[in-house]
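For reference, the structure discussed in these notes is given below.
Only the coordinates and a few stated rules stand behind these numbers; no lab work does. Small disclaimer: the values here were computed from a predicted structure and weren't measured. Here Cβ is always computed from backbone atoms with ideal geometry, including for glycine, and neighbour counts include all displayed protein chains.
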Amino acid sequence: MGGEHGAGSWYLCYFLHRLLDYRIPEVESLAKLFGCSGKLQWRQAPNHHPDSPFYFVRLPSEDMARSIAKRSVLVKAIFEIWGEGSTYEELRAAVEAFPEEKKRPYLGTEVTFKIIVDTFGKVISSEEQIKLINSFDFIPFQGRVQLRDPKEKFWFMETDGRVINNGMPAPLEPSVDGTRLFFGREIGGADRSLVTKYALSTRKYLGPTAMDAEIACLMSNQALVDTGKFVYDPFVGTGSILVAAAHYGALTMGADIDLRVIRDGRGPDCNVWSNFKQYDLPPPVGLVRADNNARPWRPNLREVFDAIICDPPYGIRAGGRKSGGRKLLKGIIDPYIIPDDKRKEHIPSTAAYILEECVHDLLDMAAQLLVTGGRLVFFYPLSREEGADNKLPDHPCFQLVSSSEQILSTKYSRCLLTMEKTSEYTDDLAARALETHLEFKKNHAKLLDAKDKLRSLVFTPGGEVLQRVIPKYRGKYV
């Protein structure tokens, strides 16, 4: 619980009931960012569903727990637990048995405090809350109650394991009462104000695929973004991901194939740059018109970025494009040079860019340009069709750290993949990547015929596709 168990202590991590697959990977990434080496240990209370918001995690120190809670997007708060039980009697006995030397620093006359009542899966009245607060009079608090900005916050938390209510998952064993009561001292809580601050509803410049602020911050946490790190988005669009990275202190750079998006926007006061100015954030060090399929980097350029974070186009809201045009790719016309007097306003021809080729190019580019230990964080679409072969992309330079599914409909979802570069990019890998690149180019027309598979699956009328069942409490943001 709150005591020492080998290396570090156990703390209760109380998650928000949102983006369930993202919660533990975010905490593990933040633990690494703040200096924790190795895999974290997790455990749950008896008969708790894996989607329950209550998890115990072993952390090296209280300072690290506080840092994780403050930075996290999906942690409601982290606690030193003084007691837990299935009944009020068990809870009281556990709190009384908690070591006095650990309670004493927080019970003195100089310590202001308040007790917060929080329930998950049930609702209790104000009168019941006051009664519960008064029931902890057996704890010898000497300090003054202060409801606004107290020095210490103590929480009573109850989860109802008997019924499905307010999004509560069913108990693993319905015959067993999964009710659990916790009492503990708050170590730290999340600052969700940044989700409101960067909300797309108030953003000056938006596109159809602008990344939600909450998820953009999650992606930055997964990528270990911090002050002074260099972050790149090869599909930058209106810059939503880089805005989140800049909030955490990173130097940023972006590229996009659409020159009009990154150069012009909707005028001098409504463009990618104005998004950074709106929040008083450092602007990107550069925005480049570049094609992920024909990158402008020197062939021998290596290990530039600390993180690459992006949302590749996979053909649902916006299809991927690459340079060339149909006639050029089919060999009907030869490559040509744009005259100098037309270059400024010229919009290059583009052709469809299938997902498989896009992801291959992304992984190859990341293997070249990420530092060893750097992270690639990107979304990848998955079919929810029964029996679908949802093989995740891989690369010899990368190790998969986590995959977190976000259900978007009954027919498809997207998975946030976090990959860490573990080995150097070699000449042999470069040669193999070039061979694959040329193979894609050679078979462009054939592959194009099959490129709409995911889109057709998504928009097939209901009933024609067998779909996996989605639990009632799961949805786009759960």
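Before moving on, here are some points about what is shown:
- Per-pair calculated FRET efficiency, R0 = 35 Å: Asn443 and Arg260 via Cβ, rounded to 0.05: 0.70
- For segment 39-88: relative contact order, % (alpha-carbon pairs under 8 angstrom, 6 or more apart): 25
- Residue list for segment 204-220, given a label point 7 angstrom along the Cα-to-Cβ vector of Ser409 and an amide N cut-off under 13 Å: none
- Gain in span if fully extended, Lys131 to Val371, counting 0.36 nm per residue against the direct Cα distance: 80.8 nm
- Estimated distance in nm for a label pair at Ser349 and Thr436, the labels positioned 7 Å out from Cα along Cα-to-Cβ: 2.8
- Computed extension gain for Gln278 through Lys102, at 0.36 nm per residue and net of the alpha carbon distance, reaches 58.7 nm.
- Separation in nanometres of the label points that stand 7 Å from Cα toward Cβ, at Leu147 and Lys197: 2.8
- Spatially proximal aspartates and glutamates relative to Lys151 (Cα-Cα < 13 Å; intrachain offsets below 8 disregarded): Glu110, Glu186
- Cα gyration tensor category, rounded, prolate or oblate, for segment 195-459 with a/c compared to 1.5: rounded
- Compared with the direct C-alpha span, the chain from Arg18 to Val111 gains 30.1 nm at full extension, assuming 0.36 nm per residue.
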